[in-house]
Amino acid sequence: MAYTPQYGPGTSVVAENRRRQMNPDVQLEKIRDVTDEDIVLILGHRAPGSAYPTAHPPLAEQQEPDCPIRKLVKPTEGAKAGDRVRYIQFADSMFNAPSQPYQRTYAEMYRFRAIDPGTLSGRQIVECRERDLEQYSKLLLETEMFDPALDSCRGATVHGHSLRLAEDGMMFDALQRCVLGDDGIVKYVKNQIGEPLDRAVSVGKPMDEGWLKAHSTIFHSLVGTSYRDDSEYIEYVQRIHSLRTKYGFMPKEE
Amino acid sequence: MAKIERAQKLFLASLKEKFQGQDIESENTSFYNFGGVRQSPRKREFMKASKAIEMDRGISMYDPERCHLGGIPMGQRQLMTYQVSQSGVYVEGDDLHFVNNAAMQQFWDDIRRTVIVGMDLAHATLQKRLGKEVTPETINEYLHILNHAMPGAAVVQEHMVETNPGLVDDCFVKVFTGDDELADDIEPQFLINVDKLFPEDQAEVLKKSVGKSMYQAIHIPSIVSRTCDGGTTSRWSAMQIGMSFIAAYRMCAGEAAVADLSFAAKHAGVVQMGSLLPARRARGPNEPGGIKFGLFSDIIQGNRKYPNDPARASLEVVGAGVMLFDQIWLGSYMSGGVGFTQYATAAYTDNILDEYTYYGMDYLKDKYGYDYTSPSPDAVIKPTQEIVNDLTTEVNLNAMEQYEQFPTLMEDHFGGSQRAGVMAAACGLTCSIGTGNSNAGLNGWYLSMLMHKEGWSRLGFFGYDLQDQCGSANSLSVRPDEGLIGELRGPNYPNYAMNVGHQGEYAAIVGGAHYGRGDAFCYSPLVSITFADPSLKFDFSEPRREFAKGAIREFMPAGERSLITPVR
């Protein structure tokens, strides 16, 4: 029997947004343009136009062992080229940022290949081969999974997700890597690790409150959708917990 | 689940004090204009102290304005003060690091330097093997000698070096028994009087559990256990016990019966506070990793002082537990770090966990008729999965909504691990107090974690992935190596051994199950009696208040060395 992913329970808009982001059959709405060069600048791993540093020779030039797994798994472009593994890491405000840590991990696992995500409360990192990373980062920055004011790329000193917002609506960042300009556009003046950029990188205008509420993937009773109101979601969590309690990790109905 | 009204929110006073002049319900504030670290009087004090040290030793030290983030000091947002919960005392966060807090150090010293040693084996040896008479008079004489010897004084030998009493003044030995007649014959200075220290019903149970046996509650000098380790405690005490028996009962120093007394004092009759850890943890007995949660709940005496408020009693265990297990054990013993304080203090500051827990108490009463102010075995609710699910769901949803409705509350607990520990603790305590079952409490903890993760799409740091997303499956298991009842679990239980923000709360959940039933003890009546002793430096009935005293520098610890150091 073919497995059909359900992506998660719930009748609320939050639940629906979560399923949309996870489902690779859904074309995520493109909101803004961020050039390839700008992506490279924000990531801060290499200078734009420079060659990709490598961790090993291209696979085609290596003597690959006779391994059935290697025959089964097709390498990504980055793996083929021997790229080193680098990262992008996001901090997401709890005030209705369109993506949130576990949501990012789930969506990335469905949409991307050859990744290693890590999920914490204030940040979510995904690591992969560098040229694959740049491609994935484009989707993460250009689509409805990103808001310039409430999601930001932070390699270290990530904190801000749970704090009140600044008066201009921006999430707190001790390093102020991105700033809201007088023109209403958010610009990165430092890369994700906090090194100053030679030129500012624009990532567009912050989305408005209505859009954020409609595209949020976090329950929030003050600024968005109350968790309590999605009873299907809550019953689902209770059910998983009860079955795990009774039957360990192989839950099935009595 | 059904939301209940609760007009009195215990955390509001703290929020108003911490965020003075601000709307605590607003979603916006200003940043980057606080003057960095200089906004904090304590950080300014540190900078000044460091300057003097640098001048003295010629080596650079604390330099937060240069070394932090390459010149961006912390304090780009408000550096908050904290109220130690239910103490009314506001402190700087730094004052709750155990290095900066003498009460926290003494708390751990007082546990590590304690062993309980039964007297029955020794008395049997004296009476049956040697034919000596043991009477209340001889016991009193022995205790007089022992209180001379235990701090480090000679009783048999000639020309011995001894310790300075001014350095070891916290060292003493008392005894307790369930035999009222015998207790009456013991000099009051040497007796832990169960009747006087405990509520009547608790005293009756404790005395019945101890029976006619007599135990010594031994506290070796803090300075000894600090210089050596927890494994020293039983050895130090056994040595002095042996010498004191020889002196009190006029024994031959080398006769074979002495070996029996030593064996009893070192092994057969000893109750350690913490058990030996396996080689990969490399700690001897009486170190924090070996303290069972049930035993820890007996060390904390909130239930003696607040027998009709199991929530308060449990919250005292939380505060004490996170300080010991997170700040000292995981934070320094195990990880070697300094940052764990920030996780731990969330559970005992600003009355936030307190508010969530009392919401659970109100819900228990409102929906199930359990009145937490009248705890008894007959009052608790039968712990079914459905009830655990219901209690946890409501308490957890309420906690999430409070964080959402008060953005300054969320900012107070700015880390996911802080919130996760606090919300799950409130759920676990509600379940354990209301059902009188520690494993039901642990089960509630794990449902809280799953609900939290799904609601906010985040939880704590990586470690929560391991422990809290598989905990549902082991919280009701008692199979060897996969589970135990909560009372017998401890910081070294599989999966518990690495995660900050859990162990102190687990201990409280275990304690809560017994406080909710009105039990006199959780695991060991001996431990419960031993730590009721008012002669201890640290008052174990009010650990949070004691930590607050330490924070404002009003707690006088033991084991100070000023007698033997140059005057400064």
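With the structure loaded, tell me whether A:G169 is at the interface with another protein chain (Cβ under 9 Å from one of its Cβ atoms), over 30 Å from A:S50 (Cα atoms), small (G, A, S) and surrounded by fewer than 23 Cβ atoms within 10 Å (Cβ to Cβ) or whether it fails that test. Step through it out loud before you land on a result.
Working: at the interface with another protein chain (Cβ under 9 Å from one of its Cβ atoms): yes; over 30 Å from A:S50 (Cα atoms): yes; small (G, A, S): yes; surrounded by fewer than 23 Cβ atoms within 10 Å (Cβ to Cβ): yes.
Answer is yes for this residue.
Taking only the stretch B:343-401 into account, find how many residues are in a helix (DSSP H, G or I) and either farther than 17 Å from B:S432 by Cβ or among the polar types (S, T, N, Q) (or both).
Taking the stretch B:343-401 and keeping what is in a helix (DSSP H, G or I), we get B:343-345, B:352-368, B:385-401.
Pick out the ones that are also either farther than 17 Å from B:S432 by Cβ or among the polar types (S, T, N, Q) (or both) and you get B:343-345, B:352, B:355, B:357, B:366, B:385, B:389, B:392-393, B:396-398, B:400-401.
The total comes to 16.
Within the stretch B:174-224, take every residue that is β-branched (V, I, T) and not in a helix (DSSP H, G or I) and give me the one that is farthest from B:N286 (Cα to Cα). Spell out how you get there, then give the answer.
First, pick out the residues of the stretch B:174-224 that are β-branched (V, I, T): B:175, B:177, B:186, B:192, B:194, B:205, B:210, B:218, B:220, B:223-224.
Subset that is not in a helix (DSSP H, G or I): B:175, B:177, B:186, B:192, B:218, B:220.
Numbers: B:V175: 20, B:T177: 23, B:I186: 28, B:I192: 22, B:I218: 13, B:I220: 12 Å.
It comes out as B:I186.
Please work out if B:L121 is more than 25 Å from B:L409 (Cβ to Cβ) and either in contact with a Lys or Arg (Cβ under 8 Å, 6 or more places away or on another chain) or at pLDDT below 95 (or both).
Numbers: more than 25 Å from B:L409 (Cβ to Cβ): yes; either in contact with a Lys or Arg (Cβ under 8 Å, 6 or more places away or on another chain) or at pLDDT below 95 (or both): no.
The answer is no for B:L121.
Please identify the pairs in which a residue from the stretch A:188-215 that is closer than 17 Å to A:E142 by Cα has its Cβ atom under 6 Å from the Cβ atom of a residue that is of a type in the set (S, T, N, Q) and in a loop (DSSP other than H, G, I, E, B), counting only partners at least 6 apart or on another chain.
A:L212/A:N96
Just to be sure before I move on: is B:S472 within 9 Å of another protein chain (Cβ to nearest Cβ), at pLDDT below 95 and farther than 25 Å from A:P101 by Cα in the structure I sent?
On the way: within 9 Å of another protein chain (Cβ to nearest Cβ): yes; at pLDDT below 95: yes; farther than 25 Å from A:P101 by Cα: no.
Against the criterion (within 9 Å of another protein chain (Cβ to nearest Cβ), at pLDDT below 95 and farther than 25 Å from A:P101 by Cα), B:S472 does not qualify.
Please verify whether A:R70 is of a type in the set (K, R) and within 14 Å of chain B (Cβ to nearest Cβ), treating the condition exactly as stated. Spell out how you get there, then give the answer.
Details: of a type in the set (K, R): yes; within 14 Å of chain B (Cβ to nearest Cβ): no.
For A:R70, the condition - of a type in the set (K, R) and within 14 Å of chain B (Cβ to nearest Cβ) - is not met.
Exactly one condition in (1) buried (at least 18 other Cβ atoms within 10 Å of the Cβ); (2) under 25 Å from B:D412 (Cα atoms) is not met by A:M145; state its number.
Failed condition: (2).
Restricting attention to the stretch A:209-222, which residues are farther than 21 Å from A:R104 by Cα and not in a helix (DSSP H, G or I)?
Selection gives A:S221, A:L222.
Can you tell which of B:M243, B:M239 is surrounded by 15 or more Cβ atoms within 10 Å (Cβ to Cβ), without any contact (Cβ under 8 Å) to a residue 40 or more places away in the chain and of a type in the set (A, V, I, L, M)?
Working: B:M243 fails: without any contact (Cβ under 8 Å) to a residue 40 or more places away in the chain.
The match here is B:M239.
Across the stretch B:538-568, what is the total count of residues that are surrounded by 13 or more Cβ atoms within 10 Å (Cβ to Cβ) and on the phi < 0 side of the Ramachandran plot?
19
From the set of residues in the stretch A:206-226 that are among the polar types (S, T, N, Q) and facing another protein chain (nearest Cβ under 7 Å), which is surrounded by the most Cβ atoms within 10 Å (Cβ to Cβ)?
Of the stretch A:206-226, the ones among the polar types (S, T, N, Q) are A:216-217, A:221, A:225-226.
Filter once more, keeping what is facing another protein chain (nearest Cβ under 7 Å): A:217, A:221.
Numbers: A:T217: 29, A:S221: 18.
Across the stretch A:206-226, the extreme among qualifying residues is A:T217.
A quick yes/no check of all residues on (1) aromatic (F, W, Y); (2) part of a loop (DSSP other than H, G, I, E, B); (3) within 21 Å of A:L28 (Cβ to Cβ):
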position	(1), (2), (3)
A:F146	yes, yes, yes
A:S152	no, no, yes
A:G155	no, yes, no
A:V158	no, yes, no
A:H161	no, yes, no
A:G169	no, yes, no
A:L175	no, yes, no
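Just to be sure before I move on: is B:A347 closer than 30 Å to B:N286 by Cβ and at pLDDT 95 or above in the structure I sent?
Numbers: closer than 30 Å to B:N286 by Cβ: yes; at pLDDT 95 or above: yes.
The answer is yes for B:A347.
Among the numbered conditions (1) farther than 29 Å from A:D92 by Cβ; (2) modelled with pLDDT of 85 or more; (3) part of a loop (DSSP other than H, G, I, E, B), tell me where B:S477 comes up short.
Only one criterion is unmet by B:S477, namely (2).
Give me the pairs, please: first residue somewhere in the stretch B:1-30 and more than 22 Å from A:Y227 (Cβ to Cβ), second residue anywhere and exposed (fewer than 12 other Cβ atoms within 10 Å of the Cβ), beta-carbon distance under 7 Å, and either six or more positions apart or on two chains.
Short answer, once both residue conditions are applied: B:N28/A:E167; B:S30/A:E167.
Can you tell me how many residues within the stretch A:152-162 are in contact (Cβ under 8 Å) with a residue 60 or more places away in the chain and facing chain B (nearest Cβ under 8 Å)? Break it down into steps so the answer makes sense when it comes.
The initial filter retains those residues of the stretch A:152-162 that are in contact (Cβ under 8 Å) with a residue 60 or more places away in the chain, namely A:152-155, A:158-162.
Keeping just the survivors that are facing chain B (nearest Cβ under 8 Å) gives A:159, A:161-162.
Adding up the residues that qualify gives 3.
Can you find even one residue in the stretch A:236-253 that is part of a loop (DSSP other than H, G, I, E, B), surrounded by 16 or more Cβ atoms within 10 Å (Cβ to Cβ) and among the polar types (S, T, N, Q)?
Pass one, the stretch A:236-253, residues part of a loop (DSSP other than H, G, I, E, B): A:248-253.
Next, only the ones that are surrounded by 16 or more Cβ atoms within 10 Å (Cβ to Cβ) stay: A:251.
Those still in the list that are among the polar types (S, T, N, Q) too: none.
No: zero hits.
The values are calculated or read from the model by the stated rules, or taken from the named source; none is laboratory data. Since the model is a prediction, treat every value here as computed from it, not as a measurement. Ideal geometry is used to build each Cβ from the backbone, glycine not excepted, and the neighbour counts take in all protein chains shown.
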